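Q: Let me give you the structure first, and then I'll get to my questions.
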Amino acid sequence: MEKTESKSGKGRRVVVIGGGIAGSLASKFLQFDSDLTLIDPKEYFEIIWASLRSMVEPSFAERSVINHKKYLQNGRVVTSPAVNITDTDVVTADGLVFGYDYLVIATGHNDVLPKTRQEKLSQYQAEYEKIKSSESILIVGGGPSGVELAAEIAVDFPEKKVTIVHNGPRLLEFVGQKAADKAFDWMKSKRVEVILNQRVDLSSASDGNKTYRTSGGETIHADCHFLCTGKPLSSEWLKGTVLKDNLDGKGRLMVDEYLRVKGRKNVFAIGDITDVLEMKQGYIAEKHASVATKNIKLLMSGGNEKKMSTYKPGPDIAIISLGRKDSVAQFPFMTVSGCIPGLIKSKDLFVGKTRKARGLDPNIVEP
């Protein structure tokens, strides 16, 4: 194993594991105050809530898939998964060892993703071609990804037959009944078929036979399908590290009010991997990054621990995009749908705002 030693003084080595929404922003905030290493299996950060638009408009991904080195001018990027953590080091799958004074874990959910930005852009082009060449499309899963993908296809390709099959009593189970009902009504208005409380046997359709069977005995004809079910947390690997006892029963890292892993002075966790009781969403992960990095900067400068910033979960707010103009939005005191909440999210999907937060031009695509 190759040990990578910091060139800067002791006490300023920060390792961030995971380059998603939370990890990318934390890295951006810390790059000029520390000797920073970002460890991620891929070379890019993706604005994940824009991914479904990229499936119907591949050029949209040019702004939403961003090479880590575009927003990190002063840190090293290591393109390899982390496989072990000790009290002093992080080990990658490539056998590299990085010592840390402060560690940030932002691994989010497990997903199999291409390693390079170009491969990711090519994947969106392939998915677009698949949608374009199909007359009927099956979407498995009625959570936010399934609903937003169905909406994107229904708006851009209104001639296609779209079916959602969801193994639950209603769409969008993470929000309230009102928001779910509004999304369901919108789907009906666009002739999207919604089948609830059923599973799909994806193995029931062979290459020559495009008929899928559901657990309720229904048959669905579809030229292609997309799996939009929830992904497991990327925390299984932590069970073999010094943080194995810091995981709760659901595989989440237990954190205190400062977003430090409980019982650890110099290890923080941010984003979906934490056990904070709140809706797991991108803008919340960004708030985590802001609080944790303020605290790391304070500690690195020798500040008083009593002055650390605390993280307090806010009210449950969710905006689910329904194509290019409409949205359904759940706020603390009301739920609305249509083009008014659509103005907030649906046109740009917060891509410009998210790029700007990382010091990038909101509009320029990557060369």
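Q: By how many nm would the segment from D181 to V97 grow when fully extended, if each residue of separation counts as 0.36 nm and the alpha-carbon distance is taken off? Provide the component values of the computation, followed by the final result.
A: Values: separation 84, 0.36 × 84 = 30.24 nm, distance 5.05 nm.
That pair, D181 and V97, stretches by 25.2 nm at full extension.
Q: I've got another one for you. How long is region 140-289 along each principal axis, judged by its Cα atoms, biggest number first, in Å?
A: Each principal axis gives a Cα extent; for region 140-289 these are 56, 33, 25 Å.
Q: For the chain, what is the relative contact order in percent, using Cα pairs closer than 8 Å and at least 6 residues apart in sequence? Present the calculation step by step, with values, prior to reporting the outcome.
A: Working: 763 pairs, mean separation 65.3, N = 367.
Across the chain, relative contact order equals 18 percent.
Q: Cut-off 18 Å, label point 7 angstrom out along Cα-to-Cβ of K250: give me the residues of region 264-296 whose amide nitrogen falls inside.
A: Under 18 Å, as judged by backbone N against the label point of K250, lie 269-286, 288 of region 264-296.
Q: Assuming R0 = 41 Å, can you tell me the calculated FRET efficiency for the pair E305 and D348, based on Cβ-Cβ distance, to the nearest 0.05?
A: Details: r = 40 Å, r/R0 = 0.98.
Efficiency at R0 = 41 Å is approximately 0.55.
Q: Here's something else I'd like to know. Which residue, P332, P41, P313, tops the fluctuation ranking in a GNM of the chain built on C-alpha contacts under 10 Å?
A: Maximum among the listed residues: P332.
Q: Sticking with this one: Can you pull the accessible area of T79 for me, 1.4 Å probe, Å² to the nearest 10?
A: 40
Q: Take K262 and K356, extend 7 Å from each Cα along the Cα→Cβ direction, and tell me the distance between the two endpoints in nm.
A: About 3.9 nm, to one decimal.
Q: Can you tell me the alpha carbon radius of gyration of the chain divided by the globular rule-of-thumb value 2.2 N^0.38 Å?
A: Details: Rg = 21.5 Å, N = 367, 2.2 N^0.38 = 20.7 Å.
So the chain has a normalised radius of gyration of 1.04.
Q: Sum up the charges of everything whose Cβ sits under 9 Å from the Cβ of N110, counting Lys and Arg as +1 and Asp and Glu as -1, but leave N110 out. Don't skip to the end; give the middle numbers.
A: Working: positive: K231; negative: D111, E236.
Charge balance in the 9 Å sphere: -1.
Q: Same structure, new question: Got the relative contact order for region 119-257 handy, in percent, Cα pairs under 8 Å and 6 or more residues apart? It would help to have the intermediate numbers written out before the result.
A: Numbers: 206 pairs, mean separation 34.1, N = 139.
Once divided by the residue count of region 119-257, the mean separation gives 25 percent.
Q: Which of the aspartates and glutamates could a cross-linker bridge to K161, judged by Cα under 12 Å and excluding same-chain residues fewer than eight apart?
A: Straight-line reach from K161, under 12 Å: E135, E193, D223.
Q: Also, I was wondering about something else. In nm, give the distance between the simple-model label positions of K297 and K69, each being 7 Å from the Cα along the Cα-to-Cβ direction.
A: Roughly 2.7 nm, to one decimal.
Q: Another question about this same structure. Report the gain in length on full extension from S189 to Q118: 0.36 nm times residue separation, minus Cα-Cα distance, nm rounded to one decimal. Walk me through the intermediate numbers first.
A: Numbers: separation 71, 0.36 × 71 = 25.56 nm, distance 3.69 nm.
Residue separation times 0.36 nm, minus the Cα-Cα distance, leaves 21.9 nm.
Q: Moving on. Quick one: among V336, V165, V112, which has the greatest mean-square fluctuation in a GNM of the chain with alpha-carbon springs under 10 angstrom?
A: Among V336, V165, V112, the largest mean-square fluctuation in the Gaussian network model of the chain belongs to V112.
Q: Reachable aspartates and glutamates from K244, Cα under 16 Å, same-chain residues fewer than 8 places away excluded?
A: Partners found: D87, D89, E236, D275.
Q: I've got another one for you. Round to the nearest 10 and give me the degree value, 0 to 90, for the angle of helix 144-156's Cα axis relative to the longest principal axis of the chain.
A: That works out to roughly 50 degrees.
Q: Let me ask you something else. Determine the sum of side-chain charges near G263: Lys and Arg each +1, Asp and Glu each -1, restricted to other residues whose C-beta is under 10 angstrom from that of G263. Don't jump to the answer; show the numbers that get you there.
A: Values: positive: R260, K262, R264, K265; negative: D245, D256.
Every neighbour counted, the sum reads +2.
Q: While we're on this one: By accessible area of protein heavy atoms, probe 1.4 Å, what ranking do C224, C339 get, highest first?
A: C339, C224
Q: Before anything else, pin down the relative contact order of region 65-188: Cα pairs under 8 Å, at least 6 apart, normalised by residue count, whole percent.
A: Details: 107 pairs, mean separation 18.7, N = 124.
It comes to 15 percent, rounded to a whole number.
Q: Restricting to DSSP H runs of at least four residues, report the calculated mean residue ellipticity at 222 nm for the chain, -39500 (n - 2.57) per run over all residues, nearest 500 deg cm²/dmol. Don't jump to the answer; show the numbers that get you there.
A: Details: 10 runs with 99 residues, N = 367.
About -8000 deg cm²/dmol.
Q: What order do F174, F98 take when sorted by accessible area (1.4 Å probe), most exposed first? Walk me through the numbers before you get to the answer.
A: On the way: F174 80, F98 10 Å².
Of F174, F98, the descending order of accessible area is F174, F98.
Q: Please determine, in degrees from 0 to 90 and to the nearest 10, the orientation of helix 177-189 with respect to the longest principal axis defined by the Cα atoms of the chain, where the helix direction is its Cα long axis.
A: The angle comes out at about 50 degrees.
Q: Starting from the residue with the highest accessible area, list D35, D111, D40 in decreasing order, probe 1.4 Å. Please report the intermediate quantities before stating the final value.
A: Values: D35 30, D111 75, D40 5 Å².
Listed by decreasing accessible area, they come as D111, D35, D40.
Q: Let me ask something else about it. Between D275 and E135, how high is the FRET efficiency from 1/(1 + (r/R0)^6) when r is the Cβ-Cβ distance and R₀ = 56 Å? Nearest 0.05.
A: Numbers: r = 45 Å, r/R0 = 0.80.
The calculated FRET efficiency here is 0.80.
The values are calculated or read from the model by the stated rules, or taken from the named source; none is laboratory data. Here the structure is a predicted model, which means the values were calculated and not measured. Please note: Cβ atoms are built from the backbone with ideal geometry, for glycine as well, and neighbour counts cover all protein chains shown. Areas reflect the complete protein model, heavy atoms only, side chains present, ligands, DNA and RNA absent. Shrake-Rupley method; radii C 1.70, N 1.55, O 1.52, S 1.80 Å.
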